[in-house]
2 protein chains.
Amino acid sequence: MEHAAVLVTIGNELLSGLTVDTNSAFLARGLASIGLKVRMKLSAADSIPEIVHALHLAEQQGTVILLSGGLGPTSDDCTKPALAERYGRPLIFYPHVMEAVQAHFRRLGRTMPEINRNQALLPERSTLLPNAFGTAWGIWIEEGGKHIIALPGVPFELKPMFTEQVLPRLQQKLPPSPLLSRTLHIFGMGESAIAERIADIERSLPPAISLAYLPHYSVVRLRLTGSSPDADALRNQMHEAEQNLLHRLGDAVFGFDDTSLEAELGKALRAAGKSIAVAESCTGGALAARIVSVAGASDYFPGSIVAYANEVKQHLLDVPADLIGQYGAVSEAVVQAMLNGLLQRIPADYGAAISGIAGPDGGTAEKPVGTVWIATGSRANRQARRFQFRGNRNDVIEYAVMNALGLLLQQVRAGS
Amino acid sequence: MEHAAVLVTIGNELLSGLTVDTNSAFLARGLASIGLKVRMKLSAADSIPEIVHALHLAEQQGTVILLSGGLGPTSDDCTKPALAERYGRPLIFYPHVMEAVQAHFRRLGRTMPEINRNQALLPERSTLLPNAFGTAWGIWIEEGGKHIIALPGVPFELKPMFTEQVLPRLQQKLPPSPLLSRTLHIFGMGESAIAERIADIERSLPPAISLAYLPHYSVVRLRLTGSSPDADALRNQMHEAEQNLLHRLGDAVFGFDDTSLEAELGKALRAAGKSIAVAESCTGGALAARIVSVAGASDYFPGSIVAYANEVKQHLLDVPADLIGQYGAVSEAVVQAMLNGLLQRIPADYGAAISGIAGPDGGTAEKPVGTVWIATGSRANRQARRFQFRGNRNDVIEYAVMNALGLLLQQVRAGS
């Protein structure tokens, strides 16, 4: 049987919707990187019987069962007793774990709360995985040819444990089956337009290769996944499928695999030795934050101005008051003036200015909620476009940010 | 049997980790609001047999099965054939759906791509749910006392359909069982410190009430959930538990239920008739974006300056160059000067300035990655604090933003 993984996330907060599960996506990408496919994902409540039930279901679907969450010291943490029950491995006291937990608190300059003694109680006959950033150690149980691995739910504890300890060990234990994937990132074309454009390519894909559409606001990711025992043939088929798609979609494809508009913009700016600044009204700093989320952004991003109030547009971006009076703050004239003022105040090679109505209030018949003007360009070459985005306040902000990034990327790549 | 719901999210992108599932949290909160608990959550691949298998599992766990995703027109969308197979309801052509889909494209000023004819093929003997923002209609099948409801996966299509069509209809069909919850939001205390402080209260909670800890960076949410057939007794027990926690935790509790630091800061500023501006270095606009994410932020937020480069700190925030030379950009002196300069440039009652090392590069022995200085305050009363945060670049940014918001909230509430 082909090896497959099942993810089990634990916590009432996941079932009640208080917390968005970001760990699963991270874990699945990591498992895919060693050729291990996730067959199913399930979430269970903080309750011993519910976790035991989830383990039953998971065992039927995969050889690797990866649990996250429920390893804390408090009474709502039930993963350890559930593992103890299901796999007949009672919890015992591990002195070396206790010492590590105490050392953790010493490093923080704090006394260890008594409750953390629980963290040294772990199932017997298990491989224990040290946690460099917290008190919940990981647990690895091998039972009947299956690997049951439990990690803490806190992302910055889980991530290094998974990457540094779980993945390398899994790779040793399970020879990977050839699973290849390639993701094309597309800006400026919608999902159905892409589907029509590539319909014949899609129909003629070999059975070993599947194609998925992953739209996220104004970007669509097209993902090719191939799985076959014949690794060489698969590599050739994947390459051919990719080339066909690239030929058909042209410049709309702006990047591959694990990338983003902001990462590509950063690369393009660095390659050209150019810099960028932005001026934001309705997006309120979200565009700047996206640019800065890329490590090394200081090489090309000096700073930005958030001009939310009209007075700030006037004083910090030198937008004439009568322009705002005549055309309104959400207008081509004002975003052009914002961009002019910005490049005077923060000398940069490229700039963007955004002004719009994110809602829920402030819309009019002529400029409904979702109306956004975006100006982008260099001193020599500028453009402004009006958009009409859909969705709620955060959707409008997200659309505006992505379109500004996409337009900037096109201009920087064109060197205009 | 008590009614329970099962969420089934569909899409290879969820299992491969390309997409983070945010729908589930949204759906679970909505179901909880009408007293319906999610017992299990599972994800299935874009494949008819996998979806049929997931439906089998889901039927064993709940009376309401809510699917999302896989309703698009492309070939990787398999939810409709899976429903047809599992519930013996072949796909038939619905002319009124076809007309609505065509009207949708007319409104967008576009020709309907042929592939969208598929969107009018839906299972027979089903209630169809119109989609105001897209082409994938929802499907509601009643079978053997169970409700199987399929919605599109695109969040801005799913959300209004769920809120406006699914929830009201479910409420009619299923009399809710009394399920109460109350969430306390805490800033400035860690999870184990809270657990120790309230250990005796937690131990003496009645069996009908459970308590969960939900840490997210520098905020911990404590969630009380109560479930009992005796609604009046439960209400009293919940009230008593909440009062005990509030009495013990004091001012560390900054809000209740569906709130956030930025929402509370907005309320406090509006109540006091005060305004706020910010100056950001390492957080690059993320603090401003968080403030602006609250609807109506224009009432109290005029704008902000992102001074990523030292030159921008000098020119736009009037930070003396020799101060940066002497103490470094990440220092108490510089954040204080940033705050001074900010409040000169953007007149506001309160301000915050942040400068730090988000990493991965730029750390030194004296100021390692994660070192962040935050100055907050009014003209009359300012403070600056040094923090040492853990995690990667985005973690450090998130910690810095939350701590700035938390410190500002304390000051605005204190009226200092």
Sorting from shortest, the nanometre distances separating the label point of B:Glu59 (7 Å past Cα along the line to Cβ) from those of the same residue in the other copies are 2.5
Ranked from fewest to most other Cβ atoms within 10 Å of their own Cβ, B:Phe301, A:Phe387 fall in the order A:Phe387, B:Phe301
Partner shielding of B:41-47, as the mean number of partner chain Cβ atoms within 10 Å, equals 6
Given unit charges at Cβ for Lys, Arg (+) and Asp, Glu (-), the dipole magnitude of chain A about its Cα centre in debye, nearest 20, is 580 debye
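For the residues B:Phe93, B:Phe389, A:Phe26, what sequence is obtained by ranking on other C-beta atoms within 10 Å, fewest first? If you can, show how the numbers build up before the last one.
Details: B:Phe93 10, B:Phe389 23, A:Phe26 18.
Starting with the residue having the fewest Cβ neighbours, the order is B:Phe93, A:Phe26, B:Phe389.
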Burial-style ranking of A:278-285, A:77-84, average other-beta-carbon count within 10 Å with highest first, yields A:278-285, A:77-84
Inter-copy distances for A:Pro95, label 7 Å out on the Cα-Cβ vector, sorted ascending, nm, one decimal, are 8.4
Note: A:276-289 gets an average of partner chain Cβ contacts (10 Å, Cβ to Cβ) equal to 6
If one compares the long axis through the Cα atoms of helix A:231-249 with the longest principal axis of the Cα atoms of chain A, the angle in degrees, nearest 10, works out at 20 degrees
Relative to chain A, whose Cα atoms define the longest principal axis, helix A:23-33 and its Cα axis are tilted in degrees, nearest 10, by 80 degrees
When the charge dipole of chain A is computed with +1 on Lys and Arg Cβ and -1 on Asp and Glu Cβ about the Cα centre, the Cα farthest towards its positive end, among A:Ala271, A:Phe301, A:Gly362, belongs to A:Ala271
Chain A: relative contact order from alpha carbon pairs under 8 Å, six or more residues apart, as a whole percent, is 10 percent
With the dipole of the protein assembly as shown defined by +1 on each Lys or Arg Cβ and -1 on each Asp or Glu Cβ, the option from B:Gly72, A:Leu224, B:Leu407 whose Cα lies farthest towards the positive pole is B:Leu407
Scoring the range A:270-322 by relative contact order with C-alpha pairs under 8 Å, at least six apart, yields a percentage of 39 percent
If every Lys and Arg gets +1 and every Asp and Glu gets -1 at its Cβ, then about the Cα centre the protein assembly as shown yields a dipole, in debye to the nearest 20, of 660 debye
Copies of B:Asn394 compared via label points 7 Å along Cα→Cβ give distances in nm, shortest first, of 1.4
quick shape note, chain A: Cα extents on principal axes in Å, largest first -> 76, 59, 42
The alpha-carbon center of the range A:195-244 and that of the range B:365-416 are separated, in whole Å, by 46 Å
For the rotation taking chain B to chain A, the chain B residue with the nearest C-beta to the axis, plus the distance in whole Å, reads B:Gly285, 2
Taking every residue of B:49-55, the Cβ atoms of other protein chains inside 10 Å of its Cβ average out to 1
Shape call for the range B:179-256, from the Cα gyration tensor axes a ≥ b ≥ c (a/c under 1.5 means rounded, otherwise prolate when a/b beats b/c, else oblate), comes out prolate
Between the Cα axis of helix B:261-272 and the main Cα principal axis of chain B, the angle (0 to 90°, nearest 10) is 60 degrees
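A short reminder: the numbers here are calculations on the coordinates, not readings from a lab. Since the structure is predicted, the reported quantities are computational estimates derived from the model, not experimental observations. For neighbour counting, all protein chains shown are included, and Cβ atoms are generated from backbone atoms with ideal geometry for every residue, glycine included.
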